[in-house]
Amino acid sequence: MRRFVNSYTVTGAASLLLSGFVANYLRNIPFAPLRAGLGPAFFPTVVSVILGAMGIAALIIGIVRAVRQPDAMDLAPLTNRTAVLVCIVVLYAAGIQLLGVLLPTAVFLLVAMLSLGVNRYRAVLATALASGAIYIIFGILFRIRLF
Amino acid sequence: MTISFADILELGLPLVLDGSVLLLAVIGTITGLFVGAMPGLSSVMAMAILIPLTYRMSPPQAFGLLLPAYAAGTFGGAIGALLLNIPGTGAAIMTTYDGYPMAQRGEAGYALGLSCVYSFVGGIVSAFFLAIFAPVVAYWAIRMGTREYFAVAVFGLGVISYLSPSLVKGLIGGAIGLLLATVGMDSITGVSRFTFGHAELAGGLEFVPVMIGIFGLGEIMYTVEKGTREGAHLPQKFGRMLPRMKDVIRCIPTTVRSIVVGTFIGVIPASGPTIGAVASYGLEKRIGKRREEMGTGVPEGIIAAEAANNAGTGAAIVPMITLGIPGDAVTAVLLGALMLHNLRPGPTLFTQRLDVVASIFILFFLGNVLFLIFGLLGARIFVRVLRTPQRILLPIVAALCFIGAYAVRRSVFDVHILVIFGIVGFLLRKIGVTPAPLILGFILGPIVESTLRRGLITTQGSFAAFFARPISAFLLVSTVLLLVSPGLIRLARFLRTRYRAKVERQV
Amino acid sequence: MRKNVVFVLVLVLVMATMGFAAGAAEEEVFPSREISLYIGFAAGGGTDVLGRRIAENMEPELGVPIVIDNRPGAGALVANQQVANARPDGYTLSLLLGNQFLQKHYKEADAWIDPLEDVTLIGVFNRDAWGIAVPSDAPYDTFDEFVRYARANPGIQVGSGPPGTLYYWTWQAVIAETGIDLTIVPYDGTAQSLAAAAGEEVAAAGAGPGEAASLMDGGLVKMIGVAADERIDAFPDIPTFAEQGFDIVVGPWRAIVGPPGMPDDVVQTLANALETAYYSDAFQDFIRENGHGAFFRGPGEDGRAFFEAEDRFFYSLMAAQGQAR
């Protein structure tokens, strides 16, 4: 089974899922109430049919490739690093919601730089400079409330 | 409603040659460059920031600030596109295709110089063309109807899917983009779709957070996950910025084609510079001399994108000033600026305030000259951005994405949208779905849907009627040919080899 | 030790009095800091320009700056909802348009506010007239001829805005009133539907004379009527519908509103500033030059009566189509 996991089969499966979700959502929305026969569900339905068709095409291409070159892996696996990254951006967004923009931004910059391996002094310096510039440009010049 | 160069110079120059107007033009240029270059700040936003400042100004002062900002903002999009692979504006999407690879080779300075010079060339040529033909062009543009808008949008989508490394994945990206565009209140019946009870979504997904989520945050996450290189930053050659003579000469056909395509498509209201750049790049990829190398960082690719999108800026101004029909969001803001100064666009403006019209043409011209100067002067500074260690640069750019998303509507909701699309963009990149078709689908989705359905209302449900108008028929047939041609060529090759094999066997 | 306690107590007392005094001072002279005016449309649009113009003329009266804050979304609903939930101190205001009444009564809208209950009216400072623009070589010059043409050619297409907007429902009112058979083609905005009329894609488009002025100058469209009480100063050649025997007065208007429960004196200060700004030469010149309609209603009885009349009008518009909530 694993040999069939490549970028095309994943893309195809994801497209089919999305297409199915859209089709399901649109069941309660009129397809054709207007006099020319087209309602709000018309266009998304057309697009989701195209998406579904392309999804099937991608699946076929993916399976053919898997059969022809079973060793060609073109898909990097999801790692712990992925999870950490997602967590950091989610936390940053939550921080903005709770504390305004500026403070979480400074914290984010510092944490991100340190975890990427920048040395401590440079990270603090870069964070301070960037936060200051952001405050001057957005807070003062563009008059956007940052906290 | 005719206007000659003598008129323009005689009436317009005295208004423009004024210390305050020139100073404002410089300020506008710098703002435009900055906002265009920054991921997350769009030129619409630059206009929104600048317009309140024009309250108490005279019309030449107001346009001295706004028009250079518009011209510089459209070029500025290229800076983010080629340095960071994050287009600063929608119109700069195509500049990522060759600009980014060229910068990655260490020739960021040359890529910037090319973008700057050819943006200038595109802008100036279209400005001249339009100053002369403004009335004719405007009356031509007004004849463009729903079906032409539909065809040009579909053409843009077809071209960008064709340009994707995998046609199937390109079409999938485009379809996802079109679906994202349907979020919110349906523009024809008013029914809500995919809003899941969020009032913020009633007007649709905001463009900036989606765009910088997919292009900016997604790209950054992808780079970080792959692991930032120990080498910290890319070595950059600083030497050459101005285009080499041999490149200039070789690219003359490309330049001409790009300006013509950019101007023509830009004049069709509702399309603007973005589709112009896509179409021009697509044309180059199809018939250009170095079509095989497009996408690897060749000058032709940068020129096709940048000459065309700046040619589109001049084109978009004309229907606005002659008939009051805005071509895109930025020209809509410029229209508001005219109204703010009690100036009503249209033929009356040409007869009663020809001096203002003349000053607008001159200021647009001046704006192009100014961004050429400042762009080239600033290029060394911009390139220095790439010398910042990646591990410091990436977090800062990510933070700018967040602040940009927030700043559009001062809305935390848009920050959540950014995060969602950052993650989506990251995952799509992992499975090889490139962001360009998706974003273009998202930009063009509302046009494609409303023109398709409106077109079907006006034609009483006849799809065939879309082929009854010459321009829309031409564009739609070209799109179909473009999409099926790779398949047909492969089929032809396959049949030919079989035929040969058969012939050989018989011999 | 004891000294310290006394000192702290005194300090607390002093700070508290200062705090009260500061609070009291703020209440005494109402505008003591900048006022935010939310506009639910992007910068540069017609409504935005009107809002900026009126705010600019209110500033000298109030002596504090009015900062325009564009918060587009859901036909200005987002901005108005935010103001409806803001502190009623007079420092947060918004522009309110007739389409807030429309959303209130339209059964397809999922969110709305009730302008009669959820906001405090400061004043209505403009009312534009809806009208009908037709291609300049169309075979009809008056509303009557248009109706006759439509009877002879059932199903002719007319351009409007999206169904969530006023201009869509005014065509419905025309259909209801005259019984003619029109196909309403919804465009994304008035500029687009006007362009379609100019390009002869549709037989007519709904638009105010100010909006159609550029295309009229260009000789691409002509107007066959405006839905105003009397002819508009800037366009004396366009007859009203009432003159032509069709009784309809409708068009977009703009009001300044604040959160519910604002103190009367604050409302009065703002309303006075608005009235002075409205009658200033600068603002009057502006609305005349741009073809906007003159109209003023203060926060008192007349304003309330106007709001109630609009409320009934939009309800009946929706109810006639079976679309009322």
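Please go through region C:218-250 and pick out each residue that is buried (at least 21 other Cβ atoms within 10 Å of the Cβ), more than 23 Å from the chain's Cα centre (by Cα) and outside any loop (DSSP other than H, G, I, E, B). Steps first, please.
Start the filter on region C:218-250 by keeping residues that are buried (at least 21 other Cβ atoms within 10 Å of the Cβ), which leaves C:218, C:220-221, C:223-228, C:232, C:238, C:240-241, C:250.
Within this subset, residues satisfying the condition of being more than 23 Å from the chain's Cα centre (by Cα) are C:218, C:220-221, C:224.
Once the filter is applied, which keeps residues that are buried (at least 21 other Cβ atoms within 10 Å of the Cβ), more than 23 Å from the chain's Cα centre (by Cα) and outside any loop (DSSP other than H, G, I, E, B), region C:218-250 yields C:VAL221, C:ILE224.
When we screen B:PHE350, B:PHE426, B:PHE442 for residues that are in a helix (DSSP H, G or I) and under 21 Å from the mean Cα position of the chain (by Cα), the only hit is B:PHE442.
Conditions (1) under 17 Å from the mean Cα position of the chain (by Cα); (2) at pLDDT 85 or above; (3) at negative phi, marked per residue:
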position	(1), (2), (3)
B:LEU13	no, no, yes
B:ILE30	no, yes, yes
B:MET47	yes, no, yes
B:LEU66	no, yes, yes
B:ALA69	yes, yes, yes
B:GLY76	yes, yes, yes
B:ILE79	yes, yes, yes
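Among the residues of this structure, A:PRO44 counts as one that is over 19 Å from the mean Cα position of the chain (by Cα), under 17 Å from B:LEU179 (Cα atoms), facing chain B (nearest Cβ under 7 Å) and in a helix (DSSP H, G or I).
Any idea which of A:ALA126, A:ALA58 is buried (at least 16 other Cβ atoms within 10 Å of the Cβ), under 30 Å from B:THR31 (Cβ atoms) and at the interface with chain B (Cβ under 7 Å from one of its Cβ atoms)? Lay out the reasoning, then the answer.
Working: A:ALA58 fails: under 30 Å from B:THR31 (Cβ atoms).
Residue meeting the stated conditions: A:ALA126.
Just to be sure before I move on: is B:LEU418 more than 7 Å from every other protein chain (Cβ to nearest Cβ), at pLDDT 90 or above and either touching a Phe, Trp or Tyr at 6+ places or on another chain (Cβ under 8 Å) or closer than 24 Å to B:ILE142 by Cβ (or both) in the structure I sent? Steps first, answer last, please.
Values: more than 7 Å from every other protein chain (Cβ to nearest Cβ): yes; at pLDDT 90 or above: yes; either touching a Phe, Trp or Tyr at 6+ places or on another chain (Cβ under 8 Å) or closer than 24 Å to B:ILE142 by Cβ (or both): yes.
Considered against the rule, which asks whether it is more than 7 Å from every other protein chain (Cβ to nearest Cβ), at pLDDT 90 or above and either touching a Phe, Trp or Tyr at 6+ places or on another chain (Cβ under 8 Å) or closer than 24 Å to B:ILE142 by Cβ (or both), B:LEU418 comes out as yes.
Within region A:61-90, the set of residues being within 10 Å of chain B (Cβ to nearest Cβ) and without any contact (Cβ under 8 Å) to a residue 40 or more places away in the chain comprises A:ALA76, A:PRO77, A:LEU78, A:THR79, A:ARG81, A:THR82, A:VAL84, A:LEU85, A:VAL86, A:ILE88, A:VAL89, A:VAL90. Within region C:51-77, the set of residues being in contact with a strand residue (DSSP E or B) (Cβ under 9 Å, 6 or more places away or on another chain) and either away from chain B (no Cβ under 14 Å) or in a helix (DSSP H, G or I) (or both) comprises C:GLY51, C:ARG52, C:ILE54, C:ALA55, C:GLU56, C:MET58, C:GLU59, C:LEU62, C:VAL64. Residues in region B:355-397 that are within 14 Å of chain C (Cβ to nearest Cβ) and more than 29 Å from B:GLU306 (Cβ to Cβ): B:VAL356 alone. Please enumerate the residues belonging to region B:327-346 that are at pLDDT 75 or above and under 20 Å from the mean Cα position of the chain (by Cα). Matches in region B:327-346: B:VAL330, B:THR331, B:ALA332, B:VAL333, B:LEU334, B:LEU335. When the criteria are applied in full, B:GLY312 meets the requirement of being small (Gly, Ala, Ser), within 18 Å of B:ALA141 (Cβ to Cβ) and surrounded by 24 or more Cβ atoms within 10 Å (Cβ to Cβ).
When region C:40-60 is filtered for residues that are farther than 18 Å from C:HIS292 by Cα and modelled with pLDDT of 85 or more, the ones remaining, listed by number, are C:MET58, C:GLU59, C:PRO60.
Pull up region B:168-208, narrow it to residues that are closer than 18 Å to B:GLY422 by Cβ and away from chain C (no Cβ under 12 Å), then point me to the one that is surrounded by the most Cβ atoms within 10 Å (Cβ to Cβ). It comes out as B:GLY173. Just one of the numbered conditions (1) at pLDDT 90 or above; (2) surrounded by fewer than 16 Cβ atoms within 10 Å (Cβ to Cβ); (3) not aliphatic (A, V, I, L, M) is not true of A:THR79: (1).
Among the residues of region C:128-151, how many are assigned to a strand (DSSP E or B) and touching a Phe, Trp or Tyr at 6+ places or on another chain (Cβ under 9 Å)? Explain how you work it out, then say what you get.
Kept after step one, since they are assigned to a strand (DSSP E or B), are these residues of region C:128-151: C:131-135.
From what's left, touching a Phe, Trp or Tyr at 6+ places or on another chain (Cβ under 9 Å): C:131-132, C:134.
Looking only at that region, the number is 3.
Tell me, please, whether a residue that is surrounded by 23 or more Cβ atoms within 10 Å (Cβ to Cβ), without any contact (Cβ under 8 Å) to a residue 40 or more places away in the chain and not aliphatic (A, V, I, L, M) can be found in region B:404-416. Scanning region B:404-416 turns up at least one residue that is surrounded by 23 or more Cβ atoms within 10 Å (Cβ to Cβ), without any contact (Cβ under 8 Å) to a residue 40 or more places away in the chain and not aliphatic (A, V, I, L, M).
If I ask for residues that are hydrophobic (A, V, I, L, M, F, W, C), within 21 Å of C:GLN103 (Cβ to Cβ) and in contact with a Gly (Cβ under 9 Å, 6 or more places away or on another chain), which ones from region C:167-183 would you list?
Looking only at region C:167-183, we keep the residues that are hydrophobic (A, V, I, L, M, F, W, C), and these are C:169, C:171, C:173-176, C:180, C:182.
Subset that is within 21 Å of C:GLN103 (Cβ to Cβ): C:169, C:171, C:173, C:176.
Result: C:TRP171, single match.
B:LEU234 meets each of the listed conditions (1) at pLDDT 80 or above; (2) touching a helix residue (DSSP H, G or I) at 6+ places or on another chain (Cβ under 6 Å); (3) of a type outside the set (Lys, Arg) apart from (1). Condition first: free of Cβ contacts under 8 Å to residues at least 12 places away in the same chain and either more than 9 Å from chain B (Cβ to nearest Cβ) or part of a loop (DSSP other than H, G, I, E, B) (or both). Now tell me which residues in region A:95-114 satisfy that. Across region A:95-114, the qualifying residues are A:LEU98, A:LEU114.
Could you run through region C:287-325 and say how many residues are in a loop (DSSP other than H, G, I, E, B) and crowded, with 18+ Cβ neighbours inside 10 Å? Please lay out each step first, then the result.
Here is the first cut: in region C:287-325, the residues in a loop (DSSP other than H, G, I, E, B) are C:290-296, C:298-300, C:321-323, C:325.
This time we only want the ones that are crowded, with 18+ Cβ neighbours inside 10 Å, so: C:290-293, C:295, C:298-299.
Qualifying residue count for the region: 7.
So if I check each of C:PRO115, C:PRO65, C:PRO72, which one is assigned by TED's automatic domain parsing to the domain that holds C:ALA271 and either touching a residue at least 40 places away in the same chain (Cβ under 8 Å) or small (Gly, Ala, Ser) (or both)? Even if it seems obvious, please write down each step before you answer.
On the way: C:PRO65 fails: either touching a residue at least 40 places away in the same chain (Cβ under 8 Å) or small (Gly, Ala, Ser) (or both); C:PRO72 fails: either touching a residue at least 40 places away in the same chain (Cβ under 8 Å) or small (Gly, Ala, Ser) (or both).
Exactly one residue qualifies, and that residue is C:PRO115.
The listed residues are B:GLY487, B:GLY461, and the only one of them that is part of a loop (DSSP other than H, G, I, E, B), at pLDDT below 85 and within 14 Å of another protein chain (Cβ to nearest Cβ) turns out to be B:GLY461.
Can you tell me which residues in region B:290-329 are touching a residue at least 60 places away in the same chain (Cβ under 8 Å), of a type outside the set (A, V, I, L, M) and not in a helix (DSSP H, G or I)?
Once the filter is applied, which keeps residues that are touching a residue at least 60 places away in the same chain (Cβ under 8 Å), of a type outside the set (A, V, I, L, M) and not in a helix (DSSP H, G or I), region B:290-329 yields B:GLY295, B:THR296, B:GLY297, B:GLY327.
Just need a number here: residues in region B:298-326 that are modelled with pLDDT under 80 and at negative phi. So the count comes out to 4. Of all the residues in region A:99-113, those that are surrounded by fewer than 17 Cβ atoms within 10 Å (Cβ to Cβ) and either at pLDDT below 90 or touching a strand residue (DSSP E or B) at 6+ places or on another chain (Cβ under 9 Å) (or both) number 2.
Considering C:ILE238, C:ILE287, the condition of being over 24 Å from C:GLN82 (Cβ atoms) and either among the small types (Gly, Ala, Ser) or not assigned by TED's automatic domain parsing to the domain that holds C:THR120 (or both) is satisfied by C:ILE238 alone. Identify, from the list A:VAL89, A:VAL124, the residue that is within 24 Å of the chain's Cα centre (by Cα), outside the structural domain of A:LEU18 (by TED's automatic domain parsing) and not in a loop (DSSP other than H, G, I, E, B). Of the residues listed, the single one that is within 24 Å of the chain's Cα centre (by Cα), outside the structural domain of A:LEU18 (by TED's automatic domain parsing) and not in a loop (DSSP other than H, G, I, E, B) is A:VAL89.
The values are calculated or read from the model by the stated rules, or taken from the named source; none is laboratory data. Please read these numbers as outputs of a predicted model, since none were measured by experiment. Neighbour counts are summed over all protein chains in view; Cβ atoms, including those assigned to glycine, are modelled from backbone coordinates with ideal geometry.
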